[in-house]
1. Going through the stretch 243-260 one residue at a time, which ones are free of Cβ contacts under 8 Å to residues at least 60 places away in the same chain and within 20 Å of residue 188 (Cβ to Cβ)?
2. Checking residue 316 against (1) in contact (Cβ under 8 Å) with a residue 60 or more places away in the chain; (2) within 16 Å of the ligand (Cβ to nearest atom); (3) out of contact with any strand residue (DSSP E or B) (no Cβ under 6 Å at 6 or more places or on another chain): exactly one of these is not met. Which one?
3. Just checking, which of 425, 435 is within 13 Å of the ligand (Cβ to nearest atom), modelled with pLDDT of 95 or more and within 15 Å of the chain's Cα centre (by Cα)?
4. Checking the conditions here, which among 630, 611 is surrounded by fewer than 24 Cβ atoms within 10 Å (Cβ to Cβ) and in contact (Cβ under 8 Å) with a residue 60 or more places away in the chain?
5. Go through the stretch 342-377 and count every residue that is surrounded by fewer than 24 Cβ atoms within 10 Å (Cβ to Cβ), away from the ligand (no atom under 13 Å from the Cβ) and part of a helix (DSSP H, G or I).
6. Is it the case, given these coordinates, that residue 495 is within 16 Å of the ligand (Cβ to nearest atom), touching a helix residue (DSSP H, G or I) at 6+ places or on another chain (Cβ under 6 Å) and closer than 17 Å to residue 407 by Cβ?
7. Yes or no: the stretch 197-210 includes at least one residue that is at pLDDT below 95 and more than 30 Å from residue 743 (Cα to Cα).
8. Which of the residues that make up the stretch 615-639 are within 16 Å of the ligand (Cβ to nearest atom) and in contact with a Lys or Arg (Cβ under 7 Å, 6 or more places away or on another chain)?
Amino acid sequence: MISKYIACALSATVLLSCNSNNDTQRSVALDITFDSPAMMWEETLPLGNGRLGAMPDGGITKETLVLNEETMWSGSEWDPSNPEAQKYLPEIRQKLLEGDNLAAQNLMFQHFTCTGNGGENPRYGYYQTLGRFEIDFSEMFADSCFEDYSRSLSLNNAVANTSFTFNYNGKKAKFSREYFVSIAQNVIVVKLSTENAPLKFSFGFSRGERAECKSNGTDAVMSGMLNSGDETKDGVRFVSLAKVVSQSENEAVILISASTDYKQIIEHKEHNGFEPIRKEVDSVIDNSPKDYNLLKDNHITEYKKYFDRVSVNMGRADADGGVAKMDSAALYLQFGRYLFICSSVNAQLPPNLQGIWADALHTAWNGDYHLNINVQMNHWPMEPGNLSDLNEPITRYVEGLVPSGEHTAKTFYGTSGWTGHVLANAWHFTAPSENPTWGSSFTGGAWIALQLWEHYLFTKDSAYLARVYPVLKGSAEFLRENLFEKDGCLVTGPSTSPENAFRFNGQRCCVCAGPVMDTQICMEIFAAVCQAADVLDTDADYAQLLKNTSLRLSPMKISPNGYLQEWLEDYEEIEPQHRHVSHLFGLYPGTTINTPELKAAARKTLERRGDMGTGWSMAWKINFWARLGDGNHAYRLFKNLLHPVPATNGGISYSGDGAGSYPNLFCAHPPFQIDGNFGGSAGVMEMLLQSHEVEPDGTRIIRILPAIPDEWESGSFHGLKARGGITVDCVWQKGKITELKIDNPFDQKIIVEKGSR
Ligand code: FUC
C-alpha cells in the first residue's frame, strides 16, 4: 500500500507559508505545510501542552503519533558525592598556581569526579519517549491512489491537519484528520472524518520496552515502569489511555491522556502503584468536554493567550513600502515561541534537550539539562518573546537543584552556597561529572540562576525577586568562597572553558584556573545579587562584600592577536573553531563585554571561530552578531542555521557536519536538539530589539532595530518585551521607522536608540 502511495505522491517538500495581511500586519497566517506523509520522524509535526507531546506523521494507511510525557525519566535520586574529593582540592589548586595544569587535570581524574560514573549510571537516568499511538486504516482503502495530499501545522492555532482524497466505490472520497494537544484539558485530541466513504479504523499503543499495551476497539491502555537504576527503588510508573469519545459512520474523536508518578516520587509523597495514575488518566478523559468543537475552541483560546501577544513580519519592501514576502526569520522567531509555549505551559519540568519531543527510548545525551549552554539557551526567547509567565517550570527546577547543589558545595568544596556543574537531570544531579575535561565547570548553577534574575529585570516583579533571592545569593556565595588568588587577582578553579581544550606542553588539556567565562559569570551574579539586595532592601553589608570581591576578579584579557582570550593564558586552542564560544558569555546573554575595546576583541573572536558549528552554536552566534550591531552577519548565521538537513542517521556530530534544520524546522545539532530553535528565535528578536545596557545612572537603553540585515527593508513587530516591563511595537518602511510605540508601565528612565549602530 505504502509503495503504491509513493508512486503517486508529490515530492516531500516542506512549504513554509506565511500569508501576511499588509493592512494591519497583525494577522499573519503561519503554517508549516507538507505535501506528503512524514517519511522520517524529523518530518512529523510537533504538538504539545507542556505535559504531553504528540507528533503525527500523517501516514495514509497507518497514522503514527510519537507520544511524549514530560516526566518519562528513568533513574532516581542518588548521592554521587565523592567523600575523598575535598581532600585533594588544595593540591589541585596548588598545581594550578604552579602552572601545572596537566598535573591538576590528572588529580581531578583520579579524585575529583562524582562516584558511580555520572551520566552513564542507570541511576542518572534518561528522558524517553512515552511510546507510539498507531491508528490503522488499511480496511478503508480498496483502491489506493491517493491525491490532493496536504499535511500542515498552524502556529496560529497549535492545531495540525492531514487530508487527502481517494477513490471509494467509483467516487472521490476525502479523509481529513485534525490533531491538537489541548492546553485547556491535558489531553491529546485526534479527530478523524471522511466524506463519501465510511470511516474504519483500529488503534493501539506500542513501546519497545517496559510496557504492557492492551486495546479493545474503543479503548487502549499502556502502562509500565521505567528503570530506577536502583534495585531498592521503584522507577517512574506511567499509564496512557486512549478512548473513542464520539463516533458516527463518518467521524470519530479519540482522546489520549497520560501521566506518571514522577511528581510523587520527587516530592517524596506516599503513592500506591498504578491505581492513582490510572484514576487520573481516566478522570482527565471523563472530565473533558465530549463536544469536539468546544474542546478545540477551548484549546485555541488558551493557546492564543500566549501566542498572539507577539506578531512579526519583515522582508523586502514592496512598491508601497510594505513587506513583499515575509522573511523566514519571522517564521523562525514564531516557531521558537510556539515550541516554547507547547513545551512549557502547565509543565512540571522545563523543556529538556528535545523539549518534550523525543522519539527514542534513550534520548541523545540522556535528554537532560546540560548547564553549560543548553538549558539556558532553551529559555532565551521566553522573556523578550512575551512569555514571561511561563517561567514557573524553570524557576521550580532551579529551586529544586538548590538542596542537592548545597550538598555538592559542602562535600566536594567544603563551602556554603550551592552549585551545579555540567550535568543536571530530572533527579537534581549537581555533582562534577565523570570526566573533568568537560564536566568540572562549576558555574552552571550560577548561569541558570541568572535566568531567574532576567525574569525580574523583564518584569520588575519584586515578589518574585524575594522568592528567588536565596537561590541567587546561594550561587553567588558558592562562587565567592571558591575564588582564590592567582597573580594578584581572584580566579575560579579547578574549572574549564566549557568543553574546549588547549595545547599544554604538547598535550591536550582542559582543566585550568580562571577561564574567562567563569569570571564573567561571577561578575554578573555578584552584580545581580547586589542589585537584588538593593531592591529588596536587605543584606547591604553582603552586597558590599560582593562589590569588593568583584573588583578583585581577574580582568578580561585581549590577546596580542586582537581576540578576547578564552583563558588566563593565551593558550593555543586545539580546535580554534570549537562550537562553544564561552568567553563571549559576557556579550550574550551577559553584559560584561561592554566597552568598544572588548567588543572589538569579541568580534575578532567570532571571526576566528567562524560561521559554522552545531545547531545551537550557530544560534548563539546570531545573538552575538546582533549584540555587535551587525545585522548582515547575524543574518548570515541565521541562514546557516536554516541549512536543510534532509535526513538523520541518528548519530551525534560535534563538528558542525549535518547541522542546520530538519524538514519540520527542528534544529539539527545533529541530532535534533531544541536549544538551537530557541536560541535562533531569540537571536531574531535580538536583531529587532535590545535592552541589555544601562547608563551609569540606571537609565535603560532601548535599541530599536539594532541589527537589521539588508533583506529586512520593511517590517513590523508588535509585543516584543524589553527589560523594565516595557512592551514595544514598531513599523518600519524602506529602512525608516514609521511607527513606534513604547509602553513603559513602571516609568523606567529610558533612552531610545533607533537603527543599527
Ligand atoms: C554539551 C555540548 C554538546 C551538546 C550537549 C548536549 O555537551 O557541548 O554540543 O549540545 O551538551
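1. In the first step, residues of the stretch 243-260 are kept if they are free of Cβ contacts under 8 Å to residues at least 60 places away in the same chain; the result is 243-250.
Matches in the stretch 243-260: 243, 244, 245, 246, 247.
2. (2)
3. Values: 435 fails: within 15 Å of the chain's Cα centre (by Cα).
Exactly one of 425, 435 is within 13 Å of the ligand (Cβ to nearest atom), modelled with pLDDT of 95 or more and within 15 Å of the chain's Cα centre (by Cα), namely 425.
4. After applying the criteria, what remains is 630.
5. Summing the residues that are surrounded by fewer than 24 Cβ atoms within 10 Å (Cβ to Cβ), away from the ligand (no atom under 13 Å from the Cβ) and part of a helix (DSSP H, G or I) in the stretch 342-377 gives 0.
6. The answer is no for residue 495.
7. no
8. Within the stretch 615-639, just 617 meets the criteria.
The values are calculated or read from the model by the stated rules, or taken from the named source; none is laboratory data. The structure displayed is predicted, hence computed values, not measured ones. Please note: Cβ atoms are built from the backbone with ideal geometry, for glycine as well, and neighbour counts cover all protein chains shown.
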